[in-house]
Amino acid sequence: LFVYEDSKANFWVAGYGRVARYDGNEWTTFTKKHGVPSSNFPPSGLTEGADQKMVLTTRNGLYHFDGKDSWTHEKVKYALGGTHVDESGKFWIPTVKGMVIKEGNTIELDKDLKSVWDIMPDKNGGLWFFTAKDGAKRLKDGQWTHFNEDNKLPSDKVSSRHLTDDGTLWMVTDKGVCKCAYE
């Protein structure tokens, strides 16, 4: 189950075989007849694109909402975690084989970003990538910083994260909780 509040203050809930939107007054439910994938392809993420339209991630690829009542499928092999769309409109799509980075019609695969289950922007313009096997990585101004057992992360297996309003990042690993400082 994924919950997301979009830029128009609509609440979206994605679950097996359906997506629902609450606009503050009523719920609208989208199912297979609207193009939402069946329960065979459960959601692994829900986000808003640069065009302010919703994007649903499943292991079968991306589903783009048209802003009215239809979802269209875009095949992305082996999609794994929640897709992130940055401010420039670039799609960051975690897959089993690495990170698919899609900008317009250009698609590349970064095989160094494997096992990513979540992507999150921080308060200082950085973009975080959380993994199940390789700690966390942060991209800022074209530079990567790797947070793992070698530099004080309790474990390389990050299972949860939380960013506070003041920008403090907390990560949960299988060996403990970590408060992360960054610039």
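The values are calculated or read from the model by the stated rules, or taken from the named source; none is laboratory data. These figures come from a predicted structure and were not determined experimentally. Positions of Cβ are backbone-derived with ideal geometry, glycine not excepted, and every protein chain shown enters the neighbour counts.
Could you check region 157-178 and list, in sequence order, the residues that are surrounded by fewer than 11 Cβ atoms within 10 Å (Cβ to Cβ) and either more than 21 Å from S115 (Cα to Cα) or under 17 Å from the mean Cα position of the chain (by Cα) (or both)?
Within region 157-178, T164, D165, D166 meet the criteria.
For region 41-59, which residues satisfy the criterion of being charged (D, E, K, R) and in a loop (DSSP other than H, G, I, E, B)?
D51, K53, R59
State all residues of region 115-155 that are surrounded by fewer than 18 Cβ atoms within 10 Å (Cβ to Cβ), part of a loop (DSSP other than H, G, I, E, B) and among the charged types (D, E, K, R); if no residue qualifies, say none.
D122, K123, K133, D141, K152 - these are the residues of region 115-155 that are surrounded by fewer than 18 Cβ atoms within 10 Å (Cβ to Cβ), part of a loop (DSSP other than H, G, I, E, B) and among the charged types (D, E, K, R).
Any residue that is surrounded by fewer than 19 Cβ atoms within 10 Å (Cβ to Cβ) and not acidic (D, E) - is there at least one of those in region 81-88? I'd like the intermediate steps shown before the answer.
Pass one, region 81-88, residues surrounded by fewer than 19 Cβ atoms within 10 Å (Cβ to Cβ): 86-88.
Those still in the list that are not acidic (D, E) too: 88.
Scanning region 81-88, I find at least one residue that is surrounded by fewer than 19 Cβ atoms within 10 Å (Cβ to Cβ) and not acidic (D, E), so the answer is yes.
For region 109-119, give me each residue that is over 15 Å from Y78 (Cβ atoms) and modelled with pLDDT of 90 or more.
Listed by number, the list holds a single entry, I119.
Looking only at region 80-103, decide whether some residue is in a strand (DSSP E or B), farther than 28 Å from H162 by Cβ, in contact (Cβ under 8 Å) with a residue 12 or more places away in the chain and out of contact with any Gly (no Cβ under 9 Å at 6 or more places or on another chain).
Within region 80-103, not a single residue is in a strand (DSSP E or B), farther than 28 Å from H162 by Cβ, in contact (Cβ under 8 Å) with a residue 12 or more places away in the chain and out of contact with any Gly (no Cβ under 9 Å at 6 or more places or on another chain).
For every residue, the table says whether it meets (1) of a type in the set (D, E, K, R); (2) touching a Ser or Thr at 6+ places or on another chain (Cβ under 6 Å).
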position	(1), (2)
D86	yes, no
L109	no, no
S115	no, yes
K152	yes, no
S155	no, yes
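Does region 60-75 include one or more residues that are in contact with a helix residue (DSSP H, G or I) (Cβ under 7 Å, 6 or more places away or on another chain) and assigned to a strand (DSSP E or B)?
yes
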